[in-house]
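The values are calculated or read from the model by the stated rules, or taken from the named source; none is laboratory data. Since the structure is predicted, the reported quantities are computational estimates derived from the model, not experimental observations. Because the Cβ atoms are built from the backbone with ideal geometry, glycine has one as well, and the counts that use them run over all protein chains shown. SASA here: full protein model, heavy atoms, side chains in, ligands and nucleic acids out. Shrake-Rupley method; radii C 1.70, N 1.55, O 1.52, S 1.80 Å.
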Amino acid sequence: DPDPDPLLHGSVIHRVLEELYRAPPGPDPIPRPGTVAAWRRRAGELTRELAAEAGLGGEDARAATSRARIEALVGGFLERESRASGPLIPERDLLEASFGAGESDARQAFDLGGFSLHGKIDRVDVAPGGRTGLIRDYKGSRKVTSGAKLLDEGKLQLQLYARALRRQWDIEPLGG
């Protein structure tokens, strides 16, 4: 089995980011250089709250270190995001967007040549008008597989999410 701490950390990070983008701490739907401090403060509050719900609320070394790591990873993400520019903004209805997962708010699974595909897209940022979007898949690692190596490394997640975005939400994927 995988090491449970990274899985637990990833789960808390996803929930923190979902809550941040669902209810931004200010008027902008994404952090900007002038507002990133407010985003980081809110991320710290959410980290403490959600980490406690996940069993990482204590003062022992493991819990304190876990919270600090989660806060640092989320903070770094928010800093990078605040420096990015462009017209794409997170679509609140497509935060942790589920399909075929059996959840009440999930879209149905769809057939891919004899098998049903289901999953959960972390976030979709859409262009004005909402007809095109960029798939955002949060990762805790700095290692990113280039598009040219996806096939060589057997990575299919983003390509499958692109098909789901097109089929399930009628949004043309710009990339991932």
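Is segment 137-147 home to any residue that is among the hydrophobic types (A, V, I, L, M, F, W, C), open to solvent by 70 Å² or more (accessible area, probe 1.4 Å) and over 28 Å from R40 (Cβ atoms)?
no
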> So, of the residues in segment 150-170 that are in contact with a Gly (Cβ under 9 Å, 6 or more places away or on another chain) and open to solvent by 60 Å² or more (accessible area, probe 1.4 Å), which turns out to be modelled with the highest pLDDT?
Replying inline: Q159
> Consider G133 against the criteria (1) at pLDDT below 90; (2) under 18 Å from the mean Cα position of the chain (by Cα); (3) open to solvent by less than 30 Å² (accessible area, probe 1.4 Å): it satisfies all of them except one. Which criterion is unmet?
Replying inline: (1)
>> Any residue in segment 161-176 that is on the phi > 0 side of the Ramachandran plot sitting within a Cβ distance under 7 Å of a residue that is open to solvent by less than 90 Å² (accessible area, probe 1.4 Å)? List the pairs, counting only those 6 or more apart or interchain.
In response: G175/L134
> Any idea which of (1) surrounded by 12 or more Cβ atoms within 10 Å (Cβ to Cβ); (2) modelled with pLDDT of 95 or more is the one A23 doesn't satisfy?
Replying inline: (1)
> Scanning segment 96-129 for residues that are at pLDDT 90 or above and touching a His at 6+ places or on another chain (Cβ under 9 Å), which turns out surrounded by the most Cβ atoms within 10 Å (Cβ to Cβ)?
Replying inline: D122
>> Against the condition open to solvent by less than 10 Å² (accessible area, probe 1.4 Å) and under 19 Å from the mean Cα position of the chain (by Cα), how does V36 come out, does it pass?
In response: no
> So which residues in segment 62-95 are in a helix (DSSP H, G or I), of a type in the set (A, V, I, L, M, F, W, C) and open to solvent by less than 50 Å² (accessible area, probe 1.4 Å)?
Replying inline: A63, A64, I70, V74, F77, L78
